[in-house]
Structures are given as structure tokens and as C-alpha cells.
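The values are calculated or read from the model by the stated rules, or taken from the named source; none is laboratory data. What you see is a predicted model, and the numbers here were worked out from it, not measured in a lab. Cβ placement follows ideal geometry from the backbone for every residue including glycine, while neighbour counts extend to all protein chains displayed. Please note that ligands, DNA and RNA were not included when accessible areas were found on the heavy atoms of the full protein model with its side chains. Shrake-Rupley method; radii C 1.70, N 1.55, O 1.52, S 1.80 Å.
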Amino acid sequence: MTSNQSLSDNPKKPTHKTPSLLDALIPLIALVCMLTASVYLFSSDSSYGANQIALIMAACIALVVGVKNGYSWQEMEAGIVKSVSLSTGALLILFAVGSLIGTWILAGTVPTMIFYGMKLLDPDYFYAASCLLCAVVALSIGSSWTVAGTLGIALVGVAAAMGLSVEITAGAIISGAYFGDKMSPMSDTTNLAPAVAGSELFSHIRHMVWTTAPSIIIALIGFLFLGFTTEAGEGVSNLTTTMALIDQAYNPGLHLLLPLLAVLILAYKKLPAFPTVILGTLVGAICAVLFQFDGVIKFVNDESLPTVVALIKGVWLAMFDGYTANTGDKTLDSLLSRGGMSSMVNTVWLILCAMAFGGVMEKTGLLKRLMQDVLTMVKSSGSLIITTLASCIGANLITGDQFIAILLPGRMLKVEYEKHGLAPVNLSRALEDSATITSPLVPWNTCGAYMASTLGVATIAYLPFAFFNLVCPFISAAYAYYDFKIEKLETVEPQQALA
């Protein structure tokens with residue numbers, strides 16, 4: 001073989017320049033500036049298009065930086081595709097939840113939950129009770145998304161009907177749901193964090209109790225305080241009227257909670273989220289046909305159709321375009337006119353744009369470059385844990401996905417924990433106390449977008465009241481600073497290691 005042939009058979013691979021700190025900061029600063037302008041110009045409507053444009057423009061700036069450093073479009077495109085593919089599961093769940101909401105309102109499941117909620121929950125204890133209820137259910141099934149998409153929807157409805165703050169209620173729902181999700185051995189993030197850090201699952205959960213327990217206690221105290229000091233609106237005086245309208249339109253009863261029971265059982269049995277929600281949607285559709293026969297026909301409002309066809313069309317319509325209530329009360333109609341896959345399109349748009357930006361940042365090494373400079377600030381065990389918390393929160397902001405925010409910092413910092421003689425449970429707890437907990441606080445994060453779309457409350461609106469999610473990272477940082485409940489690596493004698 002000639003030398004020329006050898007060269008042609010082994011083409012030279014493209015060389016990539018190591019990005020500078022300025023390279024990494026340019027797209028990040030541009031994104032922060034554009035998102036700030038988006039919120040200033042469009043306020044709570046910023047997530048309906050303006051934030052998406054900001055994310056895409058920031059991704060384009062990162063692409064230019066990548067080209068400067070020797071990356072080809074094909075390489076960066078592959079990074080985008082890989083990043084977007086990671087969100088496919090979340091997108092499918094979003095669409096499924098849209099259908100679930102539509103059929104559950106049509107079936108009377110959500111109205112029934114609102115009806116009994118107004119009967120049982122006292123306004124003074126409502127926020128704290130909502131938080132505690134969501135915490136218990138999320139702990140038993142391991143899914144904050146399922147809790148928000150079922151109990152959460154009903155609790156927001158109860159709050160609106162009672163004249164209470166839906167923003168505070170959303171904060172209570174998210175606080176409770178993420179506490180339960182974080183502490184449940186059935187949760188995906190609770191299993192992912194120790195897997196990345198190299199710790200054991202139940203050791204990880206026991207270690208999290210030290211930061212999680214005081215955080216949820218502080219959150220419950222905060223919600224009790226708000227419940228006793230915040231006056232309910234005129235909705236409380238109209239409870240009897242609202243309940244009468246629900247009773248007349250949907251004839252609520254325990255049998256209409258079958259779809260909720262089905263979802264909770266399937267989630268408890270560890271069936272994946274997407275088939276669980278789809279099956280819950282189908283159970284809701286069956287209940288709509290069986291128990292809301294006249295309501296489905298009225299919803300379709302087309303007398304030319306045979307009865308069976310009208311029933312099929314009604315369920316079909318609720319699944320893809322949501323349900324439109326017609327009780328005669330504007331407030332109640334607004335509350336119950338929701339759902340459908342189409343209602344999730346904007347959220348999917350936001351997630352895709354966020355994942356595209358995160359994909360470019362990761363592929364071109366810009367995210368790794370930021371992490372390298374962050375590590376230069378590590379001087380002690382405490383500062384390493386605090387750096388981990390900050391890195392995961394930053395990853396949530398940049399990549400828009402909690403799983404990436406756990407994986408990337410976890411992989412990069414694992415060796416540093418070993419160098420500092422820290423046990424893996426410290427890393428796994430830090431990953432959960434930051435990446436998992438703060439994900440619903442970022443509007444363009446998959447979790448933040450999901451919660452806003454499902455609960456019908458903008459991320460920025462409920463953020464100040466997500467007490468558990470706000471407090472937990474600070475408690476974790478305080479433990480690190482004072483070296484409290486930080487486990488060290490156990491030293492193993494050579495003879496024991498050989499044995």
C-alpha cells in the first residue's frame with residue numbers, strides 16, 4: 001500500500017479548538033439578556049413564544065462559536081438531535097396528560113374531585129393540606145408529574161372555586177409533589193442520582209432526610225401562615241352555588257373517581273408514566289360514555305349524528321382539543337374548559353427550543369468549559385458541595401432538562417468528591433437538592449413548562465410560593481458550609497480490601 005493510499009483510507013479528523021471562557025459566556029449572557037427582555041416586554045405571556053425565540057437565537061450564537069472552534073454543522077446538528085431525543089419521553093407524557101385532562105373533565109372526574117374538595121378542605125388549612133396530600137401521594141407512587149396532572153388539577157380548581165390564590169395553591173402542590181417524588185424509591189430521579197454518584201439507593205434516601213425534612217416542615221409552616229393570614233375571596237360565599245352547578249351538570253359521585261384510582265394503582269405498580277397516563281385517559285373516556293351520556297351528547301351539540309357516533313366524537317374531541325364547559329357560570333366554565341393534546345403544543349415548542357440550546361452548548365464543549373472554571377473555586381469539601389448545587393441549578397437553566405442537570409455535573413464532579421474524601425451519598429444528595437428540586441422553577445425547563453401547562457399557572461407566578469423547592473438548596477448549602485451531616489469516605493485497610 002502506498003503512502004497516498006494510506007492517507008486516503010484514513011482521512012484526517014477535524015480538530016476542535018478548546019473553547020475559551022469568553023466563548024462559553026457569550027451565548028449564556030445573550031440568553032440571559034434576551035430572556036430578561038422577554039419577561040419585561042411580554043410579562044406572563046413570555047413563555048408563549050418570546051422565550052422560545054430567545055432560546056433559538058442563543059442556540060444560533062452558540063452555533064457560531066462552535067463553527068469558530070472547528071465544529072461542523074453536522075456535528076452540532078447531531079448534538080441537537082441527541083439532546084432533543086432525550087426529551088421525547090417528556091413530550092409524549094405532556095401530550096398524554098393533555099388528553100387525560102380533557103377526558104377526565106368530560107367524565108366528571110375532575111369536577112367530582114373539586115366537589116368533594118370544597119366539602120372537605122377548610123380555607124384556613126387549604127394550602128398546607130394540599131401540600132401534605134400531594135406529598136403523601138407522590139411518595140407512594142414516585143411521580144410528581146402524575147400528582148400534578150391528577151390531584152393538582154383538582155386542587156387548583158378547588159382554590160379557584162373557594163376564592164383562594166391559585167398561585168399559592170400551585171406552589172403548595174409543587175412543594176408537596178417534589179418532596180414525595182424526591183423521597184420515593186420509585187422515582188426516576190431518586191434512582192438516577194445515586195446511580196450517577198455511585199451510592200446505594202436507600203443510603204441516598206436516608207441521607208436526604210437531613211435536608212428534605214426541615215425543608216418540608218418550613219414549607220408547611222409557610223402555607224399555614226398564608227392560610228391564616230390571607231382572606232379568601234368572594235368564592236367562599238358562593239360555594240353552595242358552585243357545588244349546586246357541579247352537582248347539576250356532572251352528578252358527582254365516588255364512582256367517577258375510577259380513572260384517578262386506575263392511575264394511582266398503575267403508578268404504584270411502577271408502570272411507566274406514558275402508558276399509565278394513556279390508560280388513565282382511556283378509563284376516563286369509558287366513564288364519560290357510561291356515566292355522562294347526556295353530557296357528552298350535549299358537548300358534541302350535533303343532532304344530525306347517530307348517538308354512538310356522537311359519543312365517539314365527543315370523547316375524541318376532548319382528547320385532542322379539550323373540553324368546553326357550559327354550566328352557565330363564567331368562572332366555573334373558565335375553570336373546566338381545559339385539556340386536549342392541542343393545549344400542550346406551546347409547551348412542546350418551548351421544550352424543543354430549550355433542548356436545542358442545551359444540545360449545542362454540550363456538543364461544542366461550552367458547558368464543560370463553564371464547569372472547569374467553576375471547579376477552580378473549590379477549596380474545601382463544603383465549597384465542593386456548594387459548587388455542585390450551583391452547577392446543577394445552572395445546568396437546569398442552560399439545558400432545560402433535570403436529567404441532564406443531574407447527569408452532567410454528576411459525571412464531572414464524581415472524581416472531585418473522591419479526591420476530597422467525601423462519600424458518594426454527599427454527591428447524590430447534592431444532585432437531588434439542586435437539579436431535581438429547582439427544575440420546576442425554570443419556565444423553559446421540561447418540568448417548569450409541564451407544571452405551568454398542567455396547573456394553568458405561569459411558572460413565574462407560582463415560583464415565589466414553591467417554598468420547599470426554594471428552601472431545600474439553601475439548607476443543603478448551609479449543611480455544607482458548617483460541615484454538618486457530611487459523610488466521609490470510609491478508609492479500608494489493605495488486608496480487608498484483599499479479603
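Let me check against my output: what whole-number percent is the relative contact order of the stretch 165-321, with C-alpha pairs under 8 Å and at least 6 apart?
13 percent
Can you tell me the 0 to 90 degree angle between the C-alpha axis of helix 166-183 and the longest principal axis of the chain, rounded to 10? Helix 166-183 sits roughly 50 degrees off the main axis of the chain.
Taking Cα atoms only, the orientation of helix 258-268 departs from the longest principal axis of the chain by about 20 degrees. Per residue, the accessible area of the chain comes to 44 Å² when a 1.4 Å probe rolls over the protein heavy atoms.
Computed from Cα atoms, the angle from the helix 109-120 axis to the main principal axis of the chain rounds to 80 degrees. Projecting the Cα positions of G359, Y125, F225 onto the charge dipole of the chain (unit charges on Cβ atoms of Lys, Arg, Asp and Glu, taken about the Cα centre) puts G359 furthest along the positive direction.
Dipole of the stretch 351-420 computed with +1 at Lys/Arg Cβ and -1 at Asp/Glu Cβ about the Cα centre; of A390, S380, Q402, farthest Cα towards the positive end is S380. Of A461, L279, P194, which is farthest along the charge dipole of the chain in the positive direction, counting Lys and Arg as +1 and Asp and Glu as -1 at C-beta? Result: P194, furthest along the dipole toward the positive end. Give me log10 I(q)/I(0) at q = 0.16, 0.21, 0.22, 0.25 Å⁻¹ for the stretch 28-115, Debye formula, one equal scatterer per alpha-carbon, no solvent. The computed values of log10 I(q)/I(0) come out as -0.86, -1.03, -1.06, -1.11.
Once the C-beta distance of V32 and K119 is scaled by a Förster radius of 41 Å, the resulting FRET efficiency is 0.30 to the nearest 0.05. For the chain, leaving out every one of the trypsin sites (Lys or Arg not before Pro) that falls in a DSSP loop and has at most 16 other Cβ atoms within 10 Å, the longest unbroken run is 18-268. Full extension of the segment from V136 to M57, taken as 0.36 nm per residue of separation minus the current Cα-Cα distance, would add 24.3 nm. Residues of the stretch 82-106 with an amide N closer than 16 Å to a point placed 7 Å from the Cα of N346 along the Cα-to-Cβ direction: 95, 98. Placing dummy labels 7 Å off each Cα toward the beta-carbon, the span from I217 to D483 is 2.5 nm. Restricting to Cα pairs below 8 Å that are 6+ residues apart, what does the relative contact order work out to for the stretch 102-215? Please round to a whole percent. Worked out over the stretch 102-215, it gives 28 percent. The gain in end-to-end length when the E418 to D321 segment is fully stretched comes to 29.7 nm, 0.36 nm per residue minus the alpha carbon separation. Listed by chain and number, the lysines whose alpha-carbon sits under 19 Å from that of K119, ignoring those within fewer than 8 places in the same chain, form an empty set.
Quick check on the chain: helices-only [θ] at 222 nm, where DSSP H runs of length 4 and up contribute -39,500 (n - 2.57) each and the sum goes over total residues. Nearest 500, please.
On the way: 27 runs with 360 residues, N = 499.
That comes out to -23000 deg cm²/dmol.
Efficiency by 1/(1 + (r/R0)^6): what FRET value for L22 and W210, r their Cβ-Cβ distance, R0 = 51 Å, to the nearest 0.05?
0.80
Summarising the label geometry, the points placed 7 Å from Cα in the beta-carbon direction at E490 and S337 lie 6.3 nm from one another. Around the amide H of L422, modelled in the peptide plane, lie the amide H atoms of L489, all under 5 Å away and 5 or more residues distant in sequence or on another chain. In a fully extended conformation the segment linking K330 and V64 would gain 90.7 nm over its present Cα-Cα distance, using 0.36 nm per residue. If R0 is taken as 41 Å, the Cβ-Cβ distance between L224 and E75 corresponds to a FRET efficiency of 0.15. Using all C-alpha to C-alpha distances in the stretch 165-259, build P(r) with 5 Å bins and read off the rounded percent in each one. Distribution as computed: 2, 10, 13, 13, 13, 13, 12, 9, 6, 5, 2, 0 percent.
Here's the list of lysines a cross-link from K298 could span, going by alpha-carbon distance under 19 Å and ignoring same-chain residues fewer than 8 apart: K313, K330. Hey, which of these cross-link pairs are over 23 Å Cα-Cα: K17/K419; K182/K379; K68/K414; K182/K368; K379/K488? Correct reply: K17/K419; K182/K379; K68/K414; K182/K368.
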